Amino acid sequence: VVTALTPGIFLPLGASAPLTDLSGNARNGTAGGGLTAGGYTPGPLTLSDGGATDFDGTNDRISTTYSPFVAASTRTFMGWAYQDTTSGFQCLFSSFAAAPAQLRIDSGTSNVTWLVDGTVAHTWTSAWPGVTRWVHWAMVFNDVANTASLYINGALVSTISGVTVAYTGGSPVLYIGIRGTALDIPWNGKQAWFSVHEAGLSATNIRDAY
């Protein structure tokens, strides 16, 4: 389903070629911080590649050469994630910039927060279903309409309007599982089937991907 939605990048993070970009754009990922890509089971899916990648919550990360953080664009970020603990802020993905765009779960909570410029927070309160379970997530950011929509397990949580801040750092590349050039607030848990789409996927598209 994900490949049919024309991703700009699609890293399966599973058992088979976890860092190979399945979008056809050859934007493969690179493991950092001692990360072993793939190899964790069970993943979120049983009818396809059932594996996942386990992030250690210290410095594990995946870097790419792809920069989806473009002004006046619409992007959909999507994947599966499994949080081991609520301890500390935890970053699903970010831009590799000093003031990075980032989607994170806030420390000790189930709040999901999107920061376009690394500073101004736009938060979906109590949106994350909890720890030690697989969650399908998608976030659609429209930098023209200035809106951000979060979907959890195929359903819309809500759309936040007035997201008027701008990306920083020129054209920073995408990192998964850690934040920006500081390489901090690492993801503590697993991720699988990470994709970015250079369009705003519809609610139906996202539900089908789930």
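Which whole-number value in Å³ per residue fits the convex hull of the alpha carbons of the chain?
In the chain, the Cα hull volume divided by residue count equals 100 Å³.
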Toy charge model, Lys and Arg Cβ at +1, Asp and Glu Cβ at -1: the chain dipole around Cα centroid in debye, rounded to 20, equals 140
Regression test value, accessible area per residue of region 163-210, probe 1.4 Å, units Å², expected 37
For region 1-119, dividing by residue count, accessible area per residue (probe 1.4 Å) in Å² works out to 37
Bounding extents of region 31-101 in its principal axis frame from Cα atoms, largest first in Å, are 38, 29, 24
In vacuo Debye sum over C-alpha of region 54-153, base-10 log of normalised intensity I(q)/I(0) at q = 0.10, 0.18 Å⁻¹, listed in q order, is -0.26, -0.89
So the pair-distance distribution of region 90-210, from every Cα-Cα distance in 5 Å bins, comes to percents of 2, 11, 21, 26, 24, 13, 3, 0
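Just add up the charged neighbours of F55: K/R +1, D/E -1, any other residue whose Cβ is under 10 Å from the Cβ of F55. Intermediate results must be reported in sequence, preceding the final value.
Details: positive: R61, K190; negative: D54, D56, D60, D84.
Around F55, the charge tally is -2.
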Share (percent) of C-alpha pair distances in region 104-172 greater than 16 Å works out to 50
Summed over the other residues with a beta carbon less than 14 angstrom from that of L5, with K and R at +1 and D and E at -1, the charge totals 0
With a 1.4 angstrom probe the carbon and sulfur portion of accessible area for the chain, in percent, totals 50
Dividing the alpha-carbon radius of gyration of region 1-60 by 2.2 N^0.38 Å, where N counts its residues, gives 1.14
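The values are calculated or read from the model by the stated rules, or taken from the named source; none is laboratory data. Given the structure is predicted, the values throughout are model-derived calculations rather than measurements. Every residue, glycine among them, receives a Cβ derived from its backbone with ideal geometry; neighbour counts consider all protein chains shown. Accessible surface is based on the protein model in full, side chains and every heavy atom, while ligands, DNA and RNA are left aside. Shrake-Rupley method; radii C 1.70, N 1.55, O 1.52, S 1.80 Å.
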